[in-house]
1. Give me the one-decimal Kirkwood hydrodynamic radius in Å for the stretch 1-64, with the sum taken over alpha-carbon pairs.
2. For N66, what residues show an amide H to amide H distance below 5 Å, using hydrogens built from the backbone and excluding near sequence neighbours?
3. Below 10 angstrom from the Cβ of V165, what's the summed charge of the other residues (Lys, Arg +1; Asp, Glu -1)?
4. Please compute the net charge surrounding A73, taking Lys and Arg as +1 and Asp and Glu as -1 over other residues with Cβ under 15 Å from its Cβ.
5. Please give the charge dipole size of the stretch 1-87, origin at the Cα centre, charges +1 on K and R Cβ atoms and -1 on D and E Cβ atoms. Round to the nearest 20 debye.
6. How many angstrom lie between the Cα centre of the stretch 12-54 and the Cα centre of the stretch 207-257?
7. Below 8 Å, C-alpha to C-alpha, sequence gap of six or more: please give me the relative contact order for the chain in percent.
Amino acid sequence: MEYSNIKTRWVTITPEVATEMLGKNKKNARNINMRKVALYARDLVSGAWGLCDQPIAFYVGGELANGQHRLLAIIKSGVSAVMMVMHDVPIGTRFDLHLPRSMSVQTGLPTGKVACIRSIVGRGCSATMTPNEIMVFYSRHSEAVDFVYGGSHNRHLGQAPMKAVIARAFACNLDRVRLARFLEILGTGISAGQNESAAIRLRNWLLSNDRTGGDVVRLGIYRRTEYALVLFLRGEHATASRELKEEAFPLPEETEQ
């Protein structure tokens, strides 16, 4: 392949320019991932979008070779962005072949904390978030996330949906001694009486049920943890493990909306 004719420059791409560039995407269009477009657009609107090392690329002859999701995000957001643009790329050049960086690598947070944050925001489900959104959330609620992420409670019971509920309760400034006790009982299986039975009921349910799966399973774990934690904080006896249907621990910023 001949690479000496490739022309590269940094360009401010406006929504109008993005529309024009997408008009040259005729043969090489991939299926559009609108969720990815929405993520990029949110970062553009928030000002979190920085320089990207992946070019908007055009093959010899002018056909768009790479960058359609970023161009769509510029159009969706209405925000211009500076991007590397390459022209006269040899036909057959392939893109996006290397191992992508994980969200943990991009944010500098352990995988468990990333999963916990996504579950807090998604109320049990794994919310789709950009690295910037994860870091903004963590900067606001790092104490709550760190509280549930650390400790010696049973790792087999450490699903993100369960931790998300406890982190939410922590962020609501509820009794942190009791929250720590709740985590302790989940780890040890040892309680001091009926006023702590809700934690035992939840623990037994978690250990006896299949907890692998998608958002339906995650939501079930989240709602059962809510039910158990509400009773536990009240010191009430639990006769069974049940699901709570309404959010018990709204974050401060959610109540402000």
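1. On the way: mean 1/r = 0.0720 Å⁻¹.
After inverting the pairwise mean of 1/r, the radius is 13.9 Å.
2. Those lying under 5 Å, H to H, from N66 are A57.
3. +3
4. Taking every Cβ under 15 Å from that of A73, the sum is +3.
5. Working: 11 positive and 6 negative charges, 57 e Å.
Approximately 280 debye in magnitude.
6. 38 Å
7. On the way: 374 pairs, mean separation 40.5, N = 257.
Relative contact order, the chain: 16 percent.
Each reported figure results from applying straightforward, stated rules to the coordinates on display, with no laboratory input. These numbers come from a predicted model, not from an experiment. Please note: Cβ atoms are built from the backbone with ideal geometry, for glycine as well, and neighbour counts cover all protein chains shown.
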